[in-house]
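Below is one structure, written out as structure tokens, with a few remarks after it.
Bear in mind these aren't lab numbers, they're just calculated from the coordinates by the rules spelled out. Fair warning: this is a prediction, and the values are worked out from it, not measured in the lab. Reconstructed Cβ throughout: ideal geometry from the backbone, glycine too, with neighbour counts over all protein chains shown.
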């Protein structure tokens with residue numbers, strides 16, 4: 001069983017997700033350039049929100065600073081410098097050292113390591129027992145001692161020690177339903193003490209690409225996969241329900257963070273549709289042809305609903321659909337849609 005989350009969200013003029021040249025990310029569909037919000041950016045924001053909202057100690061940390069964290073734990077445990085040096089060397093051997101241009105204090109790895117909050121202390125204790133030597137099997141064992149709630153949802157893969165957790169959550173790249181509203185913004189910064197310096201006031205200038213439009217965002221939660229992860233971790237049904245509630249709510253109402261102080265792109269979605277079904281179904285193909293109407297929000301909502309109805313008629317519909325729409329004066333609140341969905345899932349089980 002799957003929970004699909006569909007949203008249509010208008011993003012005002014902003015640069016919520018930049019490419020390597022600092023310009024808003026885009027994609028061309030049917031010959032028309034659309035705004036894009038990458039899956040990586042959305043998942044990062046969601047993971048940080050879950051880390052903030054879930055109980056302390058139940059989530060993961062992703063960092064290249066594992067040797068530094070273990071070194072600090074060893075110091076607190078009173079380990080000798082010899083043990084600490086051997087432990088750090090072991091970690092850098094397995095996870096490699098960064099390129100010379102990136103090295104700072106010698107306590108960073110070349111790869112990011114996603115781990116439970118308690119892993120650095122577990123590794124430190126193991127290092128003390130072995131005189132500082134940490135082999136691949138020991139590191140893998142400590143990394144897998146617990147399955148953090150956000151890892152159960154998003155997954156992780158660390159090739160260096162052959163550990164992998166398949167997450168339950170799939171997130172699509174968000175794409176614009178219509179043409180990209182790109183503009184190049186010319187800006188200047190003004191020197192408050194310009195008069196004393198004998199010039200007009202410009203302290204700097206440049207340009208920044210901005211875009212706007214309605215984005216279709218989609219995510220799907222595999223409940224069987226989630227239950228498998230949660231059962232292996234011995235997590236309670238209450239924790240599972242709260243993880244589902246937070247993941248659905250935070251993804252549906254995700255707020256961009258990039259350049260937020262200069263664009264305030266804090267909009268609520270104009271539509272949220274929650275589907276419970278036996279197979280995931282993304283509806284992005286509703287927008288293979290761009291929405292070109294005078295009211296891009298209303299027209300995007302109509303397009304999505306009509307396409308969903310067509311797909312349901314052709315291939316069968318979800319067991320449950322709850323829809324929240326700003327265009328429907330009788331629409332149920334999002335909180336009601338969320339609780340109805342969770343109640344249905346609890347009654348049916350993951351199957």
For the range 218-315, what is one quarter of the convex hull surface built on the Cα atoms, given in nm²? 8.9 nm²
Expressed in nm², what is the orientationally averaged projection area of the convex hull enclosing the Cα positions of the chain? 23.9 nm²
Could you order peptides 175-183, 339-347 by the average number of other Cβ atoms within 10 Å of their residues, highest first? 175-183, 339-347
Stretchable slack from residue 18 to residue 335, in nm (0.36 nm times residue separation minus alpha-carbon distance): 110.9 nm
State, to one decimal in nm, how far the label point of residue 232 lies from the label point of residue 348, with both points 7 Å from Cα in the Cβ direction. 2.5 nm
Percentage relative contact order, the chain, counting C-alpha pairs under 8 Å, at least six apart: 28 percent
Relative contact order of the range 61-147 (C-alpha contacts under 8 Å, at least 6 apart) in percent is 40 percent
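Can you tell me the length gained on complete extension of the stretch residue 81 to residue 255, counting 0.36 nm per residue apart and subtracting the Cα distance? Write down the numbers at each step before the final one.
On the way: separation 174, 0.36 × 174 = 62.64 nm, distance 4.54 nm.
Gain on extension, residue 81 to residue 255, equals 58.1 nm.
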Using mean Cβ contacts within 10 Å as the protection proxy, how do 212-220, 47-55 order, highest first? 212-220, 47-55
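Seen from all sides and averaged, what is the projected area of the convex hull of the Cα atoms in the range 61-147, in nm²?
5.1 nm²
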Compute the FRET efficiency between residue 145 and residue 99 as 1/(1 + (r/R0)^6), taking r as their Cβ-Cβ distance and R0 = 30 Å, and round to the nearest 0.05. 0.45
